[in-house]
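Readers should treat all values here as calculations from the given coordinates under stated rules, not as data from a laboratory. In this text, all values refer to a predicted model and were calculated from it rather than measured experimentally. As a convention, Cβ positions derive from the backbone with ideal geometry for all residues, glycine included, and neighbour counts pool all protein chains shown.
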Protein chains: 2
Amino acid sequence: MASEEKPLVVVTCTAPVNIAVIKYWGKRDEDLVLPINSSLSVTLHQDQLKTTTTAAISKDFTEDRIWLNGREEDVGQPRLQACLREIRRLARKRRSTGDEDPPPLSLSYKVHIASVNNFPTAAGLASSAAGYACLAYALARVYGVDSDLSEVARRGSGSACRSLYGGFVEWQMGERADGKDSVARQVAPESHWPELRVLILVVSAERKLMGSTAGMQTSVETSPLLRFRAEAVVPGRMVEMTHCVRERDFQGFGRLTMKDSNQFHATCLDTFPPISYLSDISRRIVRLVHCFNAHHGQTKVAYTFDAGPNAVVFTLDDTVPEFVAAVRHCFPPESNGDKFLKGLPVRPASLSDELRAALDVDPTPGGVKHIIATQVGPGPQTLDDPHAHLLGPDGLPKPAA
Amino acid sequence: MASEEKPLVVVTCTAPVNIAVIKYWGKRDEDLVLPINSSLSVTLHQDQLKTTTTAAISKDFTEDRIWLNGREEDVGQPRLQACLREIRRLARKRRSTGDEDPPPLSLSYKVHIASVNNFPTAAGLASSAAGYACLAYALARVYGVDSDLSEVARRGSGSACRSLYGGFVEWQMGERADGKDSVARQVAPESHWPELRVLILVVSAERKLMGSTAGMQTSVETSPLLRFRAEAVVPGRMVEMTHCVRERDFQGFGRLTMKDSNQFHATCLDTFPPISYLSDISRRIVRLVHCFNAHHGQTKVAYTFDAGPNAVVFTLDDTVPEFVAAVRHCFPPESNGDKFLKGLPVRPASLSDELRAALDVDPTPGGVKHIIATQVGPGPQTLDDPHAHLLGPDGLPKPAA
């Protein structure tokens, strides 16, 4: 991608959402975005959820600019600036090590960035992780950087470094004060566990009262339980979760996923003032999952919740139809013309009378707005089709974007 | 109370509800009801909430019998049997030490017990604590026992031992395996802090999904955070809370009360399967309290929640009218003819526009069903008026009871 001769270098990439099964909550260094514990996540397939980002550089650009979902945003915001600074530092470093030609002009070029999500931004679906992973990946391509992008993505949003890989990904907290060993690594590729399925249960969205950045720092400052969790509980859970993933042990994976979600929300509640991301609907989903598993005498489905009331449910492909029927039973869809089930096709199934009786939940119509069915997926991709670019030849967003 | 000559010895006592500000959750010995941590509570005034219990013994009774709120219950239930066994053991022991006449016949007499609450039993208002404290106290009177009743009450329900005293009461967890040092002690009498007020916010009662006995044992078995709390957090908090009570430091008392309630519920959430006693209404009350305090720039009100969604709010007398107005604003009473405010009189107050704006809560009509205003009160009482007896001369419940 020789950039010197061309008036405009454009690259378009996509990046996935990831869902942590061992949760990240709390930084030991706010500036470098270094976490107080390691975490582990599952990368979701981009067929259902992804961010697309186009980055363009040109000697004709007079300033860095960014458009998110079609609207120009302030390029001066600190996290974005940290990413840009870091990618330019890596580009400079790489070229100064002599394994390349002398630094090209492109390093001094200003960049235009356009980014869109194919899902609602504030739906609690970790849009910032996909967004910053995609930004880091696109910037690396356009500036010709090959090195590990964990730090670039992390500076934007901690969990974004986990969206740099497909499959099952750990973010090692590291020990160094400069954060050089706080990096994401793939634990297993997306092909490792083909039966695993992911159902996102989107519940009626109350406005989010406490963002995760502010929330986690209040937790670090005030929750005695959070410190204990980070130091004494998570290290063992990382080992156990890695083992469950490698062995494709769904029961172990599911139980630990639920326990770690619950413990994360427990530390939120132990924060002062307390933080509550779970709603009554979230708690009904929790009850539904435990009733479903109790009925089957084994862990067949497992929930996890991030900083919002939506549930992400893991299960295996052969359980999906029955569990979706159970969700429909407990949360009868409201006839709003919207499609209740999105994403991967799910064949209809009916509930047995025994399971129906075991679901000790009063039906709550409309409690779950819709389900997105998806699976484990690959990491960021570069799109070759020039039609995919979100920026036109003039370096401005295309009308359609 | 010489019982030998009389055909029937009857005594009637009352006992108070207590609300823990450092929470008890989890036993180290289920049989002896020994806790994994010490706890501290405030005894509520019996003018608003109390249990009344009549105990009668007679040589004519052929079996132990018990009536709760007018209905005969199984006298064979283990906790009740443990209380009866323990009180008879204490009576026997006392008389065998020789500071009395030879054992009277009354020790072998069967007992009839009748007990009523002046508040709904399952309202999450720690009715079992008042109930077993009252039982222990009445049995001690009728069998002529003068010693510490902590163990008798504790065997019925752990927190019942704290209802044996008025004012501010600690339950020292103790260290001995036989539990002899696991006793309740008064930290300060009911006259110590006359300005302190207690508002019970009764919220729409969902049925309780997990009783506290089963819940706390699941927590002990599954929550890593609960063990840490009991061992590493509570001891320091007991010291701090005792200090706040002695100094009448409301800000310290209130903040620690809220933190400890939150941490207790955090350990419930860390239990597997998780336990949730707080509802969306509970969380709105939490938010209201923090908004109210933030508006005033100090901790003027403090919440605590037990194993249910009702809030118990502590404040000082001069803050009651404004806080009640704030509750009315956030939870407009539904016109059901019921009285919204019960207990101590509260003078009407209006909200300032500033406070109204600061209460960042969407009004939820009917979210709080009513408020019971009360204060710190004395321990168990013996009633001298024979009309107070719940059992008639025949040893059976009076028709009115």
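Inter-chain Cβ neighbour count for A:222-234, averaged per residue, equals 4 (cutoff 10 Å, partner chain atoms only). Note on chain B: with a GNM built from Cα contacts shorter than 10 Å, the maximum mean-square fluctuation among B:Thr54, B:Thr382, B:Thr257 falls on B:Thr382. Between A:Lys339 and B:Glu195, the modelled label-to-label distance comes to 6.4 nm, taking each label 7 Å out from Cα in the direction of the beta carbon. Compute the Cα gyration tensor for the range A:202-275, then decide on rounded, prolate or oblate, letting a ≥ b ≥ c be the square roots of its eigenvalues: rounded whenever a/c is under 1.5, prolate when a/b is larger than b/c in the other cases, and oblate in all that remain. It comes out oblate by the Cα gyration axes. Starting from the label point of B:Pro235 at 7 Å along Cα→Cβ, the same points in the other copies fall at 2.2 nm, in ascending order.
Sequence-distant contacts, meaning Cα pairs under 8 Å at least 6 residues apart, place the relative contact order of the range A:196-375 at 34 percent.
Placing a label point 7 Å from Cα along the Cα-to-Cβ axis, A:Gly366 is separated from the same position in the other copies by 1.6 nm, shortest listed first. In this assembly of identical copies, the label point of B:Gln298 (Cα plus 7 Å along Cα-to-Cβ) is separated from its counterparts by 6.2 nm, sorted shortest first.
Within the listed set A:Glu86, A:Glu195, A:Glu63, the residue fluctuating most in the Gaussian network model of chain A (springs between alpha-carbon atoms under 10 angstrom) is A:Glu63.
Put simply, the convex hull of the Cα atoms in the protein assembly as shown casts, on average, a shadow of 39.7 nm².
With respect to chain A, whose longest principal axis is taken over its alpha-carbon atoms, helix A:320-330 is tilted by about 70°.
Looking at chain A alone, DSSP beta bridges between its own residues are antiparallel in about 90 percent of cases. In a DSSP loop and with at most 13 other Cβ atoms within 10 Å, the trypsin sites (Lys or Arg not before Pro) in the range A:320-401 are A:Lys339. Dividing the helix sum by the residues of the protein assembly as shown, where each DSSP H run of 4 or more adds -39500 (n - 2.57), gives a mean residue ellipticity at 222 nm of -10000 deg cm²/dmol.
Taking every DSSP bridge with both residues inside the protein assembly as shown, close to 90 percent are antiparallel.
Distance from the Cα centroid of the range B:284-318 to that of the range B:133-147 is 37 Å (rounded to whole angstrom). When +1 charges are put on Lys and Arg Cβ atoms and -1 charges on Asp and Glu Cβ atoms, the dipole computed for the protein assembly as shown relative to its Cα centre reaches about 0 debye. Ranked by how many other Cβ atoms sit within 10 Å of their own Cβ, fewest first, the residues B:Ser219, A:Ser38, A:Ser282, B:Ser159 fall in the order A:Ser38, A:Ser282, B:Ser219, B:Ser159. Considering only the range B:243-401, what is the antiparallel percent among its DSSP beta bridges, to the nearest 5? Roughly 65 percent of the beta bridges in the range B:243-401 run antiparallel, per DSSP. Taking the centroid of alpha carbons for each part, the range A:22-53 and the range B:66-88 are 56 Å apart. Volume per residue for the range B:196-375 equals 124 cubic angstrom (convex hull of Cα atoms).
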